[in-house]
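Below is one structure; the comments refer to it alone.
The values are calculated or read from the model by the stated rules, or taken from the named source; none is laboratory data. Computed from a prediction, not measured in an experiment: that's the story for all the values here. We place every Cβ from the backbone using ideal geometry, glycine too, and count neighbours over all the protein chains shown.
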Amino acid sequence: MMSSKEQRLKNWLVSLGAVDEKIGSLAEINRLDLSGRKIAKLPEEIGLLRNLNALNLSNNKLDSLPDSMRKLSRLVNLNLRRNSFKALPFVLRDINLRSINVSSNKLSDVSILQECEYLRVLDLSGNALKCVDGCFASNNEIRTLNLSSNLLHDMSGVFSMLKKVQRLDISDNIIKEIPQTVKELSSIEEFAASHNRIEKIDAAFFALDVERVDLSSNLLASLHLGSLVSLESLILDDNPFEILDIDDGFAPCLKELSCEGCGLRELLLPASENLELLCFSSNEIETIPKEIGRYIRLQELDIDGNKIKELPDTLANLSYLNILYVNGNPLGEEAKKVITILNPEICDMNMKTGITIEKAIKQDLPQMAELLGVLFAIESDFTIDYDKQLSGITRLFEHESSDLLAAKYEGRVVGMVTMQRLISSAEGDYVGQIEDLVVHEEYRKMGVGSRLINKMRSMAVEYGYKRIQLAADVDNKNALQFYSRRGFKKTHLNIYHYTVSSSA
């Protein structure tokens, strides 16, 4: 039998559609999603949910939390994204939280983090933070930290507090320098610092054991690349380099290197022969060195928008190359013959001009629903029902954790893909679920699917997703080959569906 307070809380939760009215006890609730309910204030009775371990309060109007929440001793995952908090509520210091997402608020004060020593995942992106020096517990357990899209300008006093951080995102701030204290990031695996004003990187950075680095869209004019012995991916796009050079010992395990839009006159070749992706698009390069032929594992080469006339015959060694972007170069006939010999699956020379990849708008949804019919005609697990498809794609469009991309030609939607945000217990953070990738038949083999996937992968990186995943029909050999060639790995999991029918 519920007490009056418990019944009052239950009635409130039922009114919001958050729990079933048949629920017999509040003790049954261990996960609760109250996102997008326009809630301005939580009832004090929320503290009665003693078994709650995950609470989603995102996309509401909250600027405070009730003191009773300190009773939620089992709560480990709290999502406060897209609310109106100006300071982190004091009550959080009394809860042993492991994960907090408080992105897209109005935070300028996060000082109570000094007392949140059990945190492992923290998202403070999209706030108004100018300084976070001294804001973390001295013995904190933070492994994943997102500080992107704030007003931070100096990280020298922050890095020393992040000895256990594995994934750090400081993108979209006003940082001018990566200081010597970066050496304190002894556990770092992923480091993102794009869209800042970085002009200088201390030599200590190159001694890190980091695997993925994004320094794109900064003000780097001179950079000497050396060491970084564990590095697998480096993005240097959109920096105004006057000097960029590479040591022979730089990143022996490097798989991806991107230097798009850097004003470079030379295509630099790192020593690593493990390269799978190489991008030097939108530069001033005239010559491709014949040594490029040693990258026998290369799968994607992007050199479009340069001044290249000839291509070396050694490109024929690249038997794994399946994506080649070369448009925007004054290629001669001999160069085109080399491309013909290579015969990559996707070559932008074959792409129809004028196709754009855009975020879908409401007016696109009817055409996207029709495209789903094309997809479901291939995938035997689904049936074509335009009304259902339109309803589904509309709900996806309206959901705050979904992204929809449309490929358009002359205003017509000729391709599409969707992605939804999920929480992975394995990753301990958000992942992206890609679905509904389809291109109209007459626009296939033109790189449209690749561009849709690439754009969605970029968005997943921007959001800090730890993984993107998808499902494909086991009989659709073309789709399976398409995904595997773009870096997706087959897992040992089988997918099962259970149809839930409403009781009469």
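What to note about this one:
- Scanning region 364-402 for residues that are β-branched (Val, Ile, Thr) and either in a strand (DSSP E or B) or closer than 16 Å to Glu441 by Cα (or both) yields Val374, Ile378.
- Residues in region 175-197 that are touching a helix residue (DSSP H, G or I) at 6+ places or on another chain (Cβ under 9 Å) and either farther than 17 Å from Leu151 by Cα or assigned by TED's automatic domain parsing to the domain that holds Gly464 (or both): Pro179, Gln180, Thr181, Val182, Lys183, Glu184, Leu185, Ile188, Phe191.
- Of Met161, Met69, all but one fail to be among the aliphatic types (A, V, I, L, M), within 20 Å of Glu184 (Cβ to Cβ), over 24 Å from the mean Cα position of the chain (by Cα) and buried (at least 18 other Cβ atoms within 10 Å of the Cβ); the exception is Met161.
- Taking the listed residues Ile339, Ile292, Ile296, the one that is touching a Pro at 6+ places or on another chain (Cβ under 9 Å), at pLDDT 90 or above and either outside any helix (DSSP H, G or I) or not polar (S, T, N, Q) (or both) is Ile292, with no other qualifying.
- Taking first residues from region 451-467 that are within 18 Å of Lys408 (Cβ to Cβ) and partners that are β-branched (Val, Ile, Thr), the Cβ contacts under 7 Å between residues at least 6 apart in sequence or on separate chains come to Arg451/Ile357; Leu452/Ile357; Leu452/Val417; Ile453/Val417; Lys455/Ile357; Met456/Val417; Met456/Ile434.
- Of all residues in region 30-47, those that are under 21 Å from Arg395 (Cα atoms) have Cβ atoms under 7 Å from Cβ atoms of residues that are small (Gly, Ala, Ser) and assigned to a loop (DSSP other than H, G, I, E, B), 6 or more apart or on another chain, in Leu32/Ala18; Asp33/Ala18; Leu34/Ala18; Ser35/Ser58.
- Per-region count, region 239-256, residues at negative phi and within 27 Å of the chain's Cα centre (by Cα): 9
- Filter pass, Lys5 being more than 19 Å from Leu119 (Cα to Cα) and not in a helix (DSSP H, G or I): no
- Just so you know, in region 105-115 the residues that are over 23 Å from Asn139 (Cα atoms) and surrounded by 19 or more Cβ atoms within 10 Å (Cβ to Cβ) include one that is nearest to the chain's Cα centre (by Cα), and it is Asn105.
- Flag set for Glu273, criterion: modelled with pLDDT under 95, in contact with a helix residue (DSSP H, G or I) (Cβ under 9 Å, 6 or more places away or on another chain) and acidic (Asp, Glu).
- From the list Ser64, Ser35, the one residue that fits, being touching a Pro at 6+ places or on another chain (Cβ under 9 Å), assigned by TED's automatic domain parsing to the domain that holds Leu168, of a type in the set (Gly, Ala, Ser) and in a loop (DSSP other than H, G, I, E, B), is Ser64.
- Checklist (1) at negative phi; (2) not assigned by TED's automatic domain parsing to the domain that holds His440 applied to Asn343, failing item: (1)
- Cβ pairs under 6 Å, 6+ apart, first in region 288-302 and surrounded by 23 or more Cβ atoms within 10 Å (Cβ to Cβ), second among the polar types (S, T, N, Q): none
- The residue of region 403-431 that is surrounded by the fewest Cβ atoms within 10 Å (Cβ to Cβ), among those that are small (Gly, Ala, Ser) and in a strand (DSSP E or B), is Ser424.
- Where Met161 falls short, out of the listed (1) touching a Phe, Trp or Tyr at 6+ places or on another chain (Cβ under 8 Å); (2) under 26 Å from Ser281 (Cα atoms): (2)
- Positions within region 342-390 being modelled with pLDDT of 90 or more and surrounded by fewer than 13 Cβ atoms within 10 Å (Cβ to Cβ), in sequence order: Lys359, Ile361, Lys362, Gln363
- Annotation: Leu321 fulfils all but one of (1) at pLDDT 90 or above; (2) farther than 22 Å from Leu480 by Cα; the unmet one is (2).
- Among (1) closer than 17 Å to Val229 by Cα; (2) crowded, with 22+ Cβ neighbours inside 10 Å, the one test that Ile170 misses: (1)
- Selection status of Leu97, closer than 30 Å to Leu152 by Cα and either in a loop (DSSP other than H, G, I, E, B) or hydrophobic (A, V, I, L, M, F, W, C) (or both): yes
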